[in-house]
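Single-structure report; data block below.
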Amino acid sequence: MRWILRAAILAACLGGIAFFHHLRTSRPTRVEAANRAGILLLGNGTEPATLDPQLASGQPEHMIFHALFEGLISPAPGNPDGDAPGAAVSWTQENFTVWTFKLQPQGKWSDGAPLTAADFVYSYQRILTAKLGADYAGMLYPILNAEEYHTGKITDFSQVGVKALDPLTLQITLKGPAPYLPSMIKHYAWFPMPKQAIEKFGSMTDRNTRWTRPGNMVCNGAFKLKRWDVNQALEVERNPHYWDAATVKLNGIVFLPISNDTTEERAFADGQLHVTLTMPLSKIPAYEKGKSPSYHNDPLLSVYMYRLNTTRKPFDNPLVRRALALAIDRESITRNILRAGQKPATGLTPPGCNASYQVPDIMRFDPAEARKLLAEAGFPDGQGFPPFDILINTSPAHRALAEAVQAMWKEHLKIPAGVLNQDWGVYIESQRKLDYQVARYAWVGDYLDPSTFLGCWQTGDGNNNTGWGSKRYDELIHQSFQEGDVARRLHYLNEAETLLLNEAPIIPIYWYTHSYLMRPEVKGMLPSLLEHRCYKAVELRP
């Protein structure tokens with residue numbers, strides 16, 4: 001009787017499994033349904049902290065802004081790091097100092113209002129108004145008198161080198177030659193902002209108002225905001241008022257905040273995603289060995305580092321900071337933990353910014369010298385060194401690396417480090433408030449020039465967040481902005497980087513590559529050193 005009952009149960013279970021298998025195989029996956037609808041499904045790491053381009057500073061926001069907004073110059077469809085007409089149909093320059101942009105005659109906001117040169121003047125005044133507190137205000141410092149206005153030395157914005165010559169002509173005058181300006185202004189700090197939407201829900205400088213919510217947001221990109229379900233999904237749809245709407249191939253994009261790389265890889269395998277943002281470090285060797293057509297590993301102009309809060313003891317001591325830097329075995333990290341072609345960072349600026357720029361070769365593994373410096377700082381064999389935490393945002397990869405560095409500092413310096421995990425928004429705010437000791441950080445180049453990695457460490461810059469500053473460093477960066485001779489300008493930048501690395505408010509660890517998964521039906525999403533995306537060129541061809 002017991003055997004018969006078991007057999008009956010077994011038969012019923014097998015029948016149920018077959019039934020549910022039939023249901024599962026007959027029902028399309030999320031990707032299959034999205035293919036038919038022309039909707040791209042993207043893993044986007046974490047929930048965006050904001051949808052206001054002038055208040056953002058992170059990668060999740062960067063990916064979304066490329067869909068919603070467009071600068072004067074756009075990533076080229078066949079080469080995202082190249083230059084193509086965006087909000088401007090053409091541009092000219094005089095001595096790389098005076099740049100004149102002719103706007104698209106049919107350029108419009110998503111509410112149908114004309115996009116004019118005055119919108120760009122308003123946008124640049126907004127980001128340079130100190131009350132807004134924009135982290136990326138410093139990116140506009142190459143503009144004549146931009147820094148002076150932002151720091152309060154002048155109060156009349158008409159003295160800043162931005163002029164609307166007529167509704168469709170914008171002129172930008174710089175403080176010195178900048179051949180790299182076309183690459184720079186593809187960054188979202190330079191995007192136009194909709195005055196009509198911003199000031200409907202507050203003043204120019206009010207932060208985090210309702211203008212960025214669905215139904216309220218006005219944008220000028222190929223897509224417009226459809227829905228934003230916090231911690232679930234953000235969806236954009238085609239913008240019918242976009243000047244180049246006829247070339248847009250997708251009907252929409254869904255950005256999914258999946259912070260755990262293992263969960264994201266599983267979602268990809270289950271047909272829930274077209275493209276992941278990253279992938280588990282432990283899975284990379286198997287994908288490489290199996291030559292999976294879904295696996296991609298692209299070069300990236302980016303550096304992974306630890307930043308140190310120099311306002312807190314003992315990290316206010318450069319001897320301590322240099323000791324920490326010298327006790328990290330970068331070669332071991334890239335070879336044994338990362339395993340995807342990353343390179344140990346011997347300096348801050350990754351190779352590829354400028355062929356003529358020589359990156360300082362300062363970061364190295366020298367535990368004996370590290371112990372000597374720590375003893376000079378008053379902590380022989382780590383004695384008396386206070387416990388501290390390495391702050392990371394939620395990610396198994398960041399934790400694995402932090403635990404490796406933690407072990408190296410314990411082995412070579414005998415100092416006690418813990419690992420503190422925070423969600424993206426809290427993690428960003430902790431660094432802004434200098435509420436940390438050591439923090440994981442990464443910087444993707446915003447344009448193709450070494451200054452994109454060096455400008456943000458000036459005293460008081462919105463992206464500095466270390467408490468460190470140097471008068472000489474600031475002078476060198478300012479000189480580089482004004483210098484017309486290429487060789488002399490790169491010399492100033494090299495001297496600045498050398499000073500920064502010796503002071504060590506930051507500790508570069510490795511230069512990135514971008515490992516991710518992408519389904520073969522996704523066409524037109526091309527590699528980019530700067531992680532630029534030309535979404536209007538992307539299509540789904542199952």
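Using amide H atoms built in the peptide plane, which far-off residues or other-chain residues are under 5 Å from residue 420 H to H? Distant-sequence amide H within range of residue 420: 390, 391, 392. Dipole check for the stretch 28-183: with +1 at the C-beta of Lys and Arg, -1 at the C-beta of Asp and Glu, and the Cα centre as origin, the magnitude is about 120 Debye. Across the options 317, 344, 358, the greatest Cα extent toward the positive end of the charge dipole of the stretch 265-373 (unit charges at beta carbon of Lys, Arg, Asp, Glu) belongs to 317. Centroid-to-centroid, using Cα positions, the stretch 496-542 and the stretch 441-457 are 13 Å apart.
As a calculated quantity, the FRET efficiency between residue 216 and residue 245 at R0 = 30 Å, using C-beta atoms, amounts to about 0.90. Accessible area per residue (1.4 Å probe, heavy atoms of protein chains only) ranks 147, 94 as 94, 147, with the largest value leading. Radius of gyration over Kirkwood radius for the stretch 174-323, both on Cα atoms: the Rg/Rh ratio is 1.05.
For a paramagnetic label modelled on residue 37 (point 7 Å from Cα along Cα→Cβ), amide N atoms under 18 Å away belong, within the stretch 218-235, to 223-235.
May I ask for the distance between the Cα centers of the stretch 268-335 and the stretch 25-80, given as a whole number of Å? Using only Cα atoms, the two centres lie 22 Å from each other.
Here the stretch 124-197 was treated as a single set of alpha-carbon atoms; its pair distances binned every 5 Å from 0 give 3, 15, 25, 29, 20, 7, 1 percent. Compute the FRET efficiency between residue 229 and residue 356 as 1/(1 + (r/R0)^6), taking r as their Cβ-Cβ distance and R0 = 51 Å, and round to the nearest 0.05. The computed FRET efficiency comes out at 0.60.
D by Stokes-Einstein for the stretch 183-225, Kirkwood Rh over Cα pairs, 4 °C, 1.567 mPa s: 114 µm²/s.
Each of 438, 130, 405 was placed along the dipole of the chain (beta-carbon charges, centred on the mean Cα), and the one lying farthest toward the positive end is 405. The accessible area of residue 158, taken with all protein chains in place and a 1.4 Å probe, comes to roughly 70 Å². Solvent exposure of the chain, expressed per residue, is 41 Å² of accessible area, with all protein chains present and a 1.4 angstrom probe. Magnitude of the charge dipole for the chain, about its Cα centre and with charges confined to Cβ atoms of Lys, Arg (+1) and Asp, Glu (-1), is about 1620 debye. Using a ≥ b ≥ c from the Cα gyration tensor of the stretch 346-428 (square roots of the eigenvalues), is it rounded, prolate or oblate, where a/c under 1.5 gives rounded and otherwise the larger of a/b and b/c decides, a/b for prolate? Taking the square roots of the gyration eigenvalues as a ≥ b ≥ c, the stretch 346-428 is oblate. Near residue 367: Cβ cut-off under 9 Å, other residues only, Lys/Arg at +1 and Asp/Glu at -1. The net charge is -3. Overall, the ratio between the Cα radius of gyration of the stretch 384-542 and 2.2 N^0.38 Å, rounded to two decimals, is 1.28.
With the helix formula -39500 (n - 2.57) applied to DSSP H stretches of n ≥ 4, the chain reaches a computed 222 nm mean residue ellipticity of -9000 deg cm²/dmol. What a 1.4 Å probe finds exposed on the chain is 53% carbon and sulfur by accessible area, rounded to a whole percent.
The values are calculated or read from the model by the stated rules, or taken from the named source; none is laboratory data. Note that the structure is a prediction, hence the values are computed from the model and not measured. Note that each Cβ is placed from the backbone with ideal geometry, even for glycine, and that neighbours are counted across all protein chains shown. Ligands, DNA and RNA are excluded from the accessible area calculation, which covers all protein heavy atoms including side chains. Shrake-Rupley method; radii C 1.70, N 1.55, O 1.52, S 1.80 Å.
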